[in-house]
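Below: the structure, in structure tokens.
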Amino acid sequence: MAPPTLFPESGFRRLGVDIAYDGSDFFGWGAQPDRRTIQDLVEGAFSTISQVKVDSIVAGRTDAGVHATGQVIHVDLPEQLFTSEFSYQDLQYKLNRILDEDVRIMAITPAPAGFHARFSALRRYYSYKIIDSNQVIPPLARRDITSWYRPLDFALLNEASTLLLGHHDFAAFCKFREGGTTIRTLERYQWRRDSDGVLIADVVADAFCYSMVRNLIGAVICVADARKEAAWLGELLANKERVSDSLVFPARGLTLYKVDYPDDNQLLERAEKTIAKRI
């Protein structure tokens, strides 16, 4: 695998790009042959405008069906594109004219020196929405909320979630990927119920591995539904026993809503430290 490019090549300018998408009709972020992916659409739009092949680096590779309101990527575009008539707002407008309506470019800014969308990130924020007690999901919310047929114990949801906080090997909650680490720091895992009765989980970590959030949701639901004792979660962490696929909750309730980065003068240091952990 080639080492990450922390600076654009000579003659190119790095841009930071904020993206939102409805993931319902995509096979995830990452490009795949003969499948509709967000990466393919976004890179295709940038390539059309810049007249060169554009590759993107994403902060978090979302799975099939997962949404985003705060996804971040970086792209390196040729300097010749940035004429006196150029504006980032015009570029945003042109990209959104090309892209399908379920993907939107929300903002484009020149990236500070040392910015890397993936490796400079400090943490990722996800939310997950569930409506329990077999309540009816309004039609306009059907792609954004998962339903559960029985009432869930709200206190147990938060009690169980707290047990998973901290720096752990989350192998039990991740699908295996060759060469990938499952050691993560789960910084926040809290639930609230909104005025419409929807349960919303706020899940924050330095990074997430494949299917980790949906596994965390499913495991905690097992406790709140009285199918498992809370101590079972600690046993999973200790034994690194893979959670059954039947506990992986659907993608449609999950949204990546924010990515945190350090101050500009710390971006390069953060990227270098993150890369070093993965070598």
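The values are calculated or read from the model by the stated rules, or taken from the named source; none is laboratory data. Values in this document were obtained by computation on a predicted structure and should not be read as measured data. Note that we place each Cβ from the backbone using ideal geometry, even for glycine, and neighbour counts take in every protein chain shown.
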Filtering the range 65-83 for residues that are under 15 Å from Glu43 (Cβ atoms) and among the charged types (D, E, K, R) leaves a count of 1
Could you pull out the residue among Arg270, Arg214 that is part of a helix (DSSP H, G or I), under 15 Å from the mean Cα position of the chain (by Cα), surrounded by 15 or more Cβ atoms within 10 Å (Cβ to Cβ) and touching a residue at least 12 places away in the same chain (Cβ under 8 Å)?
Arg214
Evaluate the following for Ala230: is it modelled with pLDDT under 95, out of contact with any Cys (no Cβ under 9 Å at 6 or more places or on another chain) and either acidic (Asp, Glu) or more than 28 Å from Phe26 (Cβ to Cβ) (or both)?
yes
Answer yes or no as to whether Arg252 is assigned to a helix (DSSP H, G or I) and either of a type in the set (Val, Ile, Thr) or closer than 27 Å to Ser147 by Cα (or both).
yes
Among the residues of the range 58-65, are any exposed (fewer than 15 other Cβ atoms within 10 Å of the Cβ) and either in the same structural domain as Thr185 (by TED's automatic domain parsing) or in contact with a Ser or Thr (Cβ under 8 Å, 6 or more places away or on another chain) (or both)?
no
Counting only residues that are touching a strand residue (DSSP E or B) at 6+ places or on another chain (Cβ under 9 Å) and over 13 Å from Ile217 (Cβ atoms), the range 137-146 contains a total of 4
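Regarding Ala107, is this residue outside the structural domain of Ile19 (by TED's automatic domain parsing), aliphatic (A, V, I, L, M) and surrounded by fewer than 18 Cβ atoms within 10 Å (Cβ to Cβ)?
no
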Complete set of residues in the range 122-140 that are closer than 20 Å to Arg214 by Cβ, outside any strand (DSSP E or B) and in contact (Cβ under 8 Å) with a residue 24 or more places away in the chain:
Asp132
Test for Asp90: is it among the acidic types (Asp, Glu) and surrounded by 15 or more Cβ atoms within 10 Å (Cβ to Cβ)
no
Looking at (1) in contact with a Ser or Thr (Cβ under 7 Å, 6 or more places away or on another chain); (2) among the β-branched types (Val, Ile, Thr); (3) buried (at least 19 other Cβ atoms within 10 Å of the Cβ), which is the one condition that is false for Thr69?
(3)
Residue ranges of strands (runs of 3 or more DSSP E) in the range 14-117 with at least 3 members farther than 24 Å from Tyr128 by Cα
67-78, 103-110
Suppose the filter is crowded, with 21+ Cβ neighbours inside 10 Å, among the charged types (D, E, K, R) and modelled with pLDDT of 95 or more; does Arg124 pass it?
yes
Filter result for the condition that a residue is among the aliphatic types (A, V, I, L, M) and over 25 Å from Leu267 (Cβ atoms), over Ala45, Ala59, Ala20, Ala68
Ala45
Please work out which one of (1) more than 19 Å from Thr62 (Cα to Cα); (2) in contact with a strand residue (DSSP E or B) (Cβ under 7 Å, 6 or more places away or on another chain) is the condition Ala155 fails and give its number.
(2)
Sort out which residues of the range 154-176 are more than 21 Å from Pro250 (Cβ to Cβ) and either charged (D, E, K, R) or assigned to a strand (DSSP E or B) (or both), and write them in order of number.
Glu159, Gly166, His167, His168, Asp169
Among what's in the range 177-209 and is assigned to a loop (DSSP other than H, G, I, E, B) and surrounded by 16 or more Cβ atoms within 10 Å (Cβ to Cβ), pick the residue that is farthest from the chain's Cα centre (by Cα).
Val198
Considering only residues that are over 15 Å from Ile19 (Cβ atoms), touching a strand residue (DSSP E or B) at 6+ places or on another chain (Cβ under 8 Å) and among the small types (Gly, Ala, Ser), which ones fall in the range 86-136?
Ser127
